[in-house]
Structures are given as structure tokens and as C-alpha cells.
Amino acid sequence: MADTVASRPRKKDRPWVIRTYSGHSSAAASNALYRENLARGQTGLSVAFDLPTQTGYDADHPLATGEVGKVGVPIGHLGDMEALFHGIPLREMNTSMTINATAPWLLALYVAAAERQGTPRAGLRGTTQNDLVKEFLARGTYMLPPEPSLKLQADVVAFTVREMPQWNPVNVCSYHLQEAGATPVLEVSFALAGALALLDQVRGRADVDAATFPEVVGRLSFFVNAGMRFIEEMVKLRVMGGLWDRLCRERYGVTDPKLRRFRYGVQVNSLGLTEQQPENNVYRIALEMLGVVLSKRARARAVQLPAWNEALGLPRPWDQQWSLRLQQIMAHETDLLEYGDLFDGSTVIAELEATLAADVEREMAWIASEGGVVKAVQSGAMKERLVAANTERLGRIERGEQQVVGVNCFTESAPSPLVAGADGGIMTVDAAAEREQIARLAAWRAARSADDARAALSGLRDAARAGDNVMEASVRCALTGVTTGEWGGVMREVFGEYRAPTGVGAVSGAAGATAGLGRAREAVERVSAGLGRRLKLLVGKPGLDGHSNGAEQIAVRARDAGMEVVYEGIRLTPEQIASAAEEEGAHAIGLSILSGSHLALVPAVFAALAARGLEGVPVVVGGIIPEGDRGALEALGVARVFTPSDFDLNAIMVEIAGAVARANGLAE
Amino acid sequence: MTTEVERVCAGERRAVAAALNLIESTRGSDRAAAEALVDAVAGRARPGGQVVGLTGPPGVGKSTLGGRVVGEWRRRGVTVGVIAVDPSSRASGGAVLGDRSRIAKPAGDDGVFIRSMAARDRLGGLAPGTVEAILVMRAAFDRVLVETVGVGQSERSRRSW
Ligand code: B12
Ligand SMILES: Nc1nc2c(ncn2[C@@H]2O[C@H](COP(=O)(O)OP(=O)(O)O)[C@@H](O)[C@H]2O)c(=O)[nH]1
Ligand SMILES: [Mg+2]
């Protein structure tokens, strides 16, 4: 038999960096997890921080209640950072940190921990995400207004360019934009516009000279998304690479092609992963991955994959291992890495590329016409586009125009054995983690020299006020035992707190409405007539959770169904929600919680409502609520719990109207 | 009724909220009570009280300025009532009321009371009941701030819903 292609030995390309995004409970528990992952063949670390750490609060701050150690590791001070990497030589690690508003601080802690391990900062390799624009638009862990946020972002760039030659100071993210509903065009144009805003800012700085600027450009890397339409996604990455190269050349005059290279990591799309028939998500993840590995010219440098139980809750170690194995099988068992680019020369691909590139340029011109990224963030113009795109996406699914297996077609299913276990198929963080972290924090504060910490903080305040780079002052803070909340407190004091526009005011999905909307409107009108006042719904997001998609879409649909909706955006305390409900005379309160903190926050909202005599107002809760927690919420008095399976928004509106009718003794 | 009026005039939040609900009510049986309440509070403005209106097209900075003004008033220890009027959808009658988020209210500060009102079927200008709501708030708080898009103005990028 003739020699087959497969039997000939071929030289393989090196695979991408294989990572798993992880961290939870405490520094010590996460350290054990990282060591396990490294032993299983993972080749880099990707640290998930908890929300208090990401937003600059200590574990004992009121807003941190219920959030400590939940969705990531809590890092409150140098002791936590050292515990996180205990026994892991930082000299050899490539560490990716998903950290943004507090990136200067977490990098300072990392540098301090490494220096105490005996590794100079210049020897450190890794990435800080440090992309603030997408925090305002999609991710929600910002602290300061856009202008100072960009300034601190640039501080990290200037510092690492000088002191840490192997560090990627910024991972420009398009990933989160897609998770907030962006189409490929919006994803690419918004991300590139954000990158340009940062580079423009850095170029104007005194501590970055013109000669090193091309190197700054070369340090920028990207973090992108890849969804189910994997051909379109692959085209997107090829286009992004081409556009980036051109922008670097034309706008910044970067002549060295190496410094214009589009380097990117990926997490594949999670927004489309379903709660229904969750085992199917494994196929989705595999297909999504094709978009970022198939084309050699646009292949990812690093890949992280979600797990089959994405829409149920946090993955357990085994779930993460299952996803890790997918990457390893793709890299090592297939012949993917043996060939040159498979798509160069394809006319179909070339045509798709040309169309997308033209659309992206039009979109970037629109952003410029809105006054540039900072203005378009402040005015809410960019956010509105994302909310509208998400409204459209969900509308297509509701109307059945976009088929999703297990959701709006092929919904019959045998019970899944994957969720049959006692843990419901997810990892749950022990509530004791928060108490223990608070106790460790108290002990840490007691053990340090209060005078040294105070002096370091005042040095930080002076640097921030003077407009100096805050990095060296932050490293000194780290070494004197300053805490994350103290660092964040100084930044808030100097630069002010910020609430980003919600983008919901001008969006409507009524144009493409389904028949169900008419029913919802009737129900709302009937109940409003009975109440004597138009049904008023307060949509609240308690805690630090930044997942806003659900709340936004509920707000838009409730308005389209005829309700008056009060929605103030993310990150409110239970007390703020209760006082707003009182002032507004809300007929119903809808809480949206996806960060796993519902068992702490929903009771806190009930207590705050009771304190104001509002116990009669019906409360509904939506988000990632594990099946096992439904009972506890209902026992508390929650009128109805909604999860991602409840994709029929009109039906939700009818149910809210019904809950209000019952609470007010009206016919439904 | 009189105790209700006294509670409103004492700035009791629950009474103020109930009074505003009553004013907004279209139920026939509530109208007489609403009128009586308004008549009773109309003459009870706080001594030295002020009502300040902010009007102008969307995006000019009314809420931002209003938020700063409220902050300054609070620093001086005076209580504040805010009425924020947003336009309604003509198709559904619904509205998204989001302006209150622009007014930074210190945590746990019950000295600021913010009420959003939908402009219902009127385009721009005041919502039905705004004037009555001002009278209630003027009796309950030292300062009243009213934010509305001006008559004839339309919201930025407003679609035809
Ligand atoms: C999109 C997404 C994101 C986006 C969010 C964009 C945005 N602006 O919303 C991005 C990429 C930014 C993101 C970030 C993070 N995410 Co995320 N994310 C998701 C994802 C994939 C989908 C959520 C979503 O938007 N769905 C679409 C909307 C429309 O659905 P929904 O919110 O569920 O709403 C529906 C119902 O729940 C209900 N509903 C919801 N709210 C309300 C409110 C009312 C009043 C009513 C009536 C109904 C209702 O009705 C809606 C209609 O169907 C989920 C997993 C999943 N597939 O569900 C993870 C998930 C929620 N994320 C998770 C995590 C951990 C994070 C991070 C904290 C990671 C980290 N350590 O940094 C960050 C931080 C974000 C932050 N600031 O808090 C975890 C939470 C784990 C947990 N609960 O235990 C999840 C479950 C993934 C996982 N398995 O690990 N995420
Ligand atoms: N540069 C600048 N921006 C402002 C000022 N006031 C408000 N803005 C911004 O303009 C946008 C709209 O402000 P907002 O107060 O919501 O306007 P409103 O619609 O009139 O209430 C926001 O992004 C504000 O941050 C100002 O004095 N200077
Ligand atoms: Mg306003």
C-alpha cells in the first residue's frame, strides 16, 4: 500500500500555552489547585481573583459580604500573594492575572513576593489584563472614572517597559465585549479603539520616550473570544491581525514587523453555553476552539476553555481537567500543527475578510465621531450598542430564528447523569472561607507596623495627587503590609468613585417582538389598572457582581412590556436597594445575582426591606441559582427564581405581573 | 389625613413615598384624597426652602451637576428631595428610569430622597403629577431639585418606540 500522509513523520509546530482559569476560597487552597494543574501538564498559570480583590475592597468591607473567595482567590496583602505562590518558583512561571482596576496593586504585590523569593522583577514573565475600557463596557470591575483609570493603566505600561522586560502589561480584551453581546464587528472595533486610546495616552507621557515607544506597542497583547460560528471567528482573527499591523505602522510608525505582531490569547465563548442539556457544551467548546487554532496565520498563543457546566456554576477540578484534555487532544493527537496556513488563497475567506474589515473601519469611524473612546464610554453611546446587540441576539433565540439545541429546538432529553451527584455537578465555595479570610486579615493588620504602612500609604497618596507613576509607591505599600482595601481607598479618595452608564435607556427590542409581547403588555396593563399606577419594577444588582446582561435585558423587556423600570446599574448594597424601593414606590423588586453570593445577599435585601416596612413588596431573583438553593430562597419569601433556562422574557414579565397582582390582592 | 400631612411635613420617608404614590394614582377613589393632601401641604413649604429646576436636552450634564449640588447641600446639612423625570415609550407606556444612579448618595444617608417619574404620554417637560410632587417634597425637605428634559427636546438616539 502506498505511503499515506499520516505515516510520514512531520515536524510539528509548538502548541499554544495551555491554561486553566482558576482560583477560589483562599490563597492556600488556590496554591494547592495550581500545583495540581501544573502536575497535570498545564504550562502556565491563569489567576482568577475574587470580586473584592478586583474592585479594591478588603474582605471585611460591607460590599464584600458574600463575595469573598467565591469566584476567585482573595488577595488582601503580601502574605496572601506569598501563600498563593508558595513552592511555585516565580522565576519559571508564566503567570496571567485577570486583574484590571487594581492591576497596579496586584502587580506590585507580585513583584514584592518575587523579590522576597529571590527573583528580581526583571526576571518575571506574565501578563496583567489591565484593560479598563472593557470594564466600563462589559466587565464591570472598574473603580475610578475613565480618565484616571486610563492613567493608572498607562502607569503599569510605563513601569513594566522600564523594569520588567518580559512582562505583558496589557491584554486588550475583546473577549468580554462578545460576552456582553457584541457582534464580530463590534467586538473588533471596540477593542481596537480601546487599544489606540491607551497607546495615545502612553505616547503623551514624559516617562516613555519616543525611542522606546515602538517597544511599548510590541508589548500589547490581546485576549479574544471565539463563538460557535467558527469560520466567521477565524476570519475575525485574521482581520484583527491585519488591521493591527496596519494601525501600528500607519498611526504609530512602528517599522519592525515583530513589534506589530498580533499576539492573542483566547477564552472561547461562554455566553452561548447552555443550562439545558449541559453535556452538549463539550461539543460547543471543541467547535469554538477550532476558530482560534485552525488557521496557522491567526493561531492563538494561549487558550483557556470553559467547562461543560459553565451555565450551572463553578467548575470542579475534574470539570477543568476535562476541558484541559480537550486542548491536549487537539494539540497532540491531531495533525493540526503539521501544516502551513490552510486558508491563504481561499477566495471565500478573502471575501469574508474584506467585508469584515470594511465594517470594522466604519465602526471605528463612528467611535471617533462620538468623540473617541473616553467620551463614548462616558456618554453611554458604546454601551448602548452592546445592549442593543444583545437584545437582538436574545430576540433571535426567542423567536427561533437562531437555533440553539436543547433551548429552542431538540429539547427532549433523558435526565443527565452528570448533574445527578450530591454536589449537583458544580463546585460550591464553603461560606467559612469568608470568615477565615477576614480573620487572617485582622491578624495581618495587627502584626504589621502601623506606622510603616501609614507612611507608605501617604507616599502613595502624594504620588497619585502629583500625577506620578504609582507603581514604585505601590511596591513600597506592598512591602509594608498595606491591604488591598487601603490601596483602593487611597485611589478612590484621590480620583473619585464612578458609576458607568447602563446603556439600557435608549434600547428597545419591541420592533422584532414576538406574539408573547402582546400577552405581557396585556398582563401589565391589567395589573397597572388595578393598582391605579403603572407597574413599577426596581431591578437591583446587589453586591460586587458585574454580570449585567441579564438585568439589562430584563429592564429593556419590562419597559417594552409597559412597566416603569428603575435600574441603577451594578454594585449596590442591599441597603441602597431597599431605600430606592422605598423612594420609588416600587411594586416589585427583581434581583439579579450571578456571582454565587445569593445566599448571603438575598437575605440581606429582605432584612433591609423589612427595616423599612417594605416586607409586602414581592421580590423575584434571577441569575445563576443552583437547583439546590431554590428552596432556601423560596423559604425566605422570594416569589419566583429564574435561571438561564428561562429564556422566554415575555413569560417572565407575565410572572412578575402575576406576583404583583397576588401581593396586592388583584386578579391576575 | 392630618397625621399623614404632619408625617410628610416631618420628612418621614414612608409618608413621603405614600403621598407620591397617591398623587400618581389614577384610581378614582384616590383622586379626592390626593387633592386634599396637595392642598394641605401646599402652604407648608419649609421656611427658607428652595425648589431648583434643571432642564435642557439629554446629555448636557443635568444629572451630573445635580448630583454635585445635592452633595454640597448634604455637606451643609440640609435635606434634599429630587424628582427626576424621564420620557416614556409611546408604544408600550413603559419607561426606564435611570437618572437616580447619577446622584451619588452617601451610603446610609436618608437625608436625600430621589423619586423618578415617567413623563407618560407627554413628550419632554413635566410628568403628570410633577407639580403636586414638588409641593409634597417642598413640605418634606429643605431643598427640592427637579430634573427634566425640556419641552420639545427629544432624547439622544431615541428610537421610535
Ligand atoms: C457573560 C458572562 C460573563 C461576562 C458578563 C458580561 C456582562 N456585562 O454581563 C463577563 C465576561 C464580563 C464575565 C465575567 C466574569 N464572570 Co461570568 N459569566 C458569563 C456567562 C457566560 C453568561 C451570563 C449571561 O450574561 N447570560 C445571559 C443573560 C441574559 O442570562 P442571565 O443573566 O442568566 O439572565 C437570565 C436568567 O438568569 C434570568 N435573570 C437574570 N437576572 C434576572 C433579574 C430579574 C429581575 C429577573 C426577573 C430575571 C433574571 O432571566 C434572564 C433571561 O433568561 C455565565 C455562565 C452562563 N452561561 O450562564 C458566566 C458566570 C456567571 N461567570 C462567572 C464568573 C466566575 C465570572 C467572573 C467573576 C470571573 C472572575 N473571577 O473574574 C468575572 C467577573 C465579572 C464581574 N465583574 O462580576 C461564573 C459565576 C460562578 C458562580 N455563580 O458560582 C459563571 C456562572 C461561569 C462559571 N461557570 O464559572 N462573565
Ligand atoms: N467634560 C464634562 N463632562 C460632563 C460634564 N457634566 C456631565 N458630563 C458628562 O456628560 C454625560 C451626560 O451627563 P448627564 O449628567 O447624565 O446629562 P443629562 O442627560 O443632562 O442628565 C456624562 O457622561 C457626564 O459624565 C462636565 O461638566 N464636563
Ligand atoms: Mg439626566
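Some values worked out for this structure:
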quantity	calculated
Conditions (1) among the β-branched types (Val, Ile, Thr); (2) within 16 Å of ligand 2 (Cβ to nearest atom); (3) under 17 Å from the mean Cα position of the chain (by Cα); number of the one not met by B:Val38	(2)
Qualifying helices (runs of 4 or more DSSP H) (wholly inside segment A:22-107; at least 3 residues being among the polar types (S, T, N, Q), within 16 Å of ligand 3 (Cβ to nearest atom) and free of Cβ contacts under 8 Å to residues at least 12 places away in the same chain)	none
Which numbered condition A:Tyr34 misses (of (1) surrounded by 24 or more Cβ atoms within 10 Å (Cβ to Cβ); (2) away from ligand 1 (no atom under 16 Å from the Cβ); (3) over 30 Å from A:Val490 (Cα atoms))	(2)
When residues of segment A:362-419 are limited to those that are among the basic types (Lys, Arg) and over 24 Å from A:Gln153 (Cβ atoms), the one farthest from ligand 2 (Cβ to nearest atom)	A:Arg399
Residue count, segment A:429-474 (criterion: in a helix (DSSP H, G or I) and either in contact with a strand residue (DSSP E or B) (Cβ under 7 Å, 6 or more places away or on another chain) or not hydrophobic (A, V, I, L, M, F, W, C) (or both))	16
Residue list for segment B:52-64, filter: farther than 25 Å from B:Glu132 by Cβ and more than 6 Å from ligand 2 (Cβ to nearest atom)	B:Pro57
Subset of segment A:484-539 (residues that are closer than 29 Å to A:Met382 by Cβ, more than 27 Å from the chain's Cα centre (by Cα) and part of a loop (DSSP other than H, G, I, E, B))	A:Ala513, A:Thr514
Within segment B:1-40, tally of residues that are part of a helix (DSSP H, G or I), surrounded by fewer than 18 Cβ atoms within 10 Å (Cβ to Cβ) and more than 10 Å from chain A (Cβ to nearest Cβ)	9
Selection within segment B:90-104 - closer than 18 Å to A:Glu552 by Cα, assigned to a loop (DSSP other than H, G, I, E, B) and within 12 Å of ligand 2 (Cβ to nearest atom)	B:Gly98
Residues located in segment B:83-108, provided they are in contact with a Lys or Arg (Cβ under 7 Å, 6 or more places away or on another chain), at pLDDT 85 or above and more than 7 Å from chain A (Cβ to nearest Cβ)	B:Ile83, B:Ala84
Where a residue in segment B:81-109 is on the phi > 0 side of the Ramachandran plot and its partner, wherever it lies, is modelled with pLDDT of 75 or more, with Cβ under 6 Å and at least six apart	B:Gly93/A:Gly562
Subset of segment A:541-552 that is in contact with a strand residue (DSSP E or B) (Cβ under 7 Å, 6 or more places away or on another chain) and in a helix (DSSP H, G or I) - its residue that is farthest from ligand 1 (Cβ to nearest atom)	A:Ala551
Selected residue (criterion: nearest to ligand 3 (Cβ to nearest atom)) from residues of segment B:72-89 that are in a loop (DSSP other than H, G, I, E, B) and in contact with a strand residue (DSSP E or B) (Cβ under 6 Å, 6 or more places away or on another chain)	B:Ser88
Residues satisfying the stated conditions in segment A:367-380, i.e. among the small types (Gly, Ala, Ser), crowded, with 16+ Cβ neighbours inside 10 Å and touching a residue at least 12 places away in the same chain (Cβ under 8 Å)	A:Ser379, A:Gly380
Count of segment A:108-134 residues which are out of contact with any Ser or Thr (no Cβ under 6 Å at 6 or more places or on another chain) and part of a helix (DSSP H, G or I)	14
Residue check, A:Asp13 more than 24 Å from A:Gln327 (Cα to Cα), more than 14 Å from every other protein chain (Cβ to nearest Cβ), in a loop (DSSP other than H, G, I, E, B) and more than 15 Å from ligand 1 (Cβ to nearest atom)	no
Check on B:Ala107, more than 13 Å from ligand 2 (Cβ to nearest atom), exposed (fewer than 14 other Cβ atoms within 10 Å of the Cβ) and assigned to a helix (DSSP H, G or I)	no
Residue among A:Tyr34, A:Tyr57 that alone is within 14 Å of chain B (Cβ to nearest Cβ) and of a type outside the set (D, E, K, R)	A:Tyr57
Candidates B:Val60, B:Val131, B:Val69 - the one that is out of contact with any helix residue (DSSP H, G or I) (no Cβ under 6 Å at 6 or more places or on another chain), within 16 Å of ligand 3 (Cβ to nearest atom) and at pLDDT 90 or above	B:Val69
Residues that are within 13 Å of another protein chain (Cβ to nearest Cβ) and touching a residue at least 60 places away in the same chain (Cβ under 8 Å), drawn from segment A:566-621	A:Tyr567, A:Glu568, A:Gly569, A:Ile570, A:Arg571, A:Thr573, A:His587
Single residue of A:Leu294, A:Leu259, A:Leu271 found to be within 22 Å of the chain's Cα centre (by Cα) and of a type in the set (A, V, I, L, M, F, W, C)	A:Leu271
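Conditions (1) modelled with pLDDT of 95 or more; (2) within 23 Å of the chain's Cα centre (by Cα); (3) among the charged types (D, E, K, R), marked per residue:
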{"residue": "A:Ala307", "(1), (2), (3)": "yes, yes, no"}
{"residue": "A:Glu310", "(1), (2), (3)": "yes, yes, yes"}
{"residue": "A:Leu314", "(1), (2), (3)": "no, yes, no"}
{"residue": "A:Met330", "(1), (2), (3)": "yes, no, no"}
{"residue": "A:Glu333", "(1), (2), (3)": "yes, no, yes"}
{"residue": "A:Glu338", "(1), (2), (3)": "yes, no, yes"}
{"residue": "A:Phe343", "(1), (2), (3)": "yes, no, no"}
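The values are calculated or read from the model by the stated rules, or taken from the named source; none is laboratory data. If you're wondering where the values come from, they're calculated on a predicted model, not measured in any experiment. For neighbour counting, all protein chains shown are included, and Cβ atoms are generated from backbone atoms with ideal geometry for every residue, glycine included.
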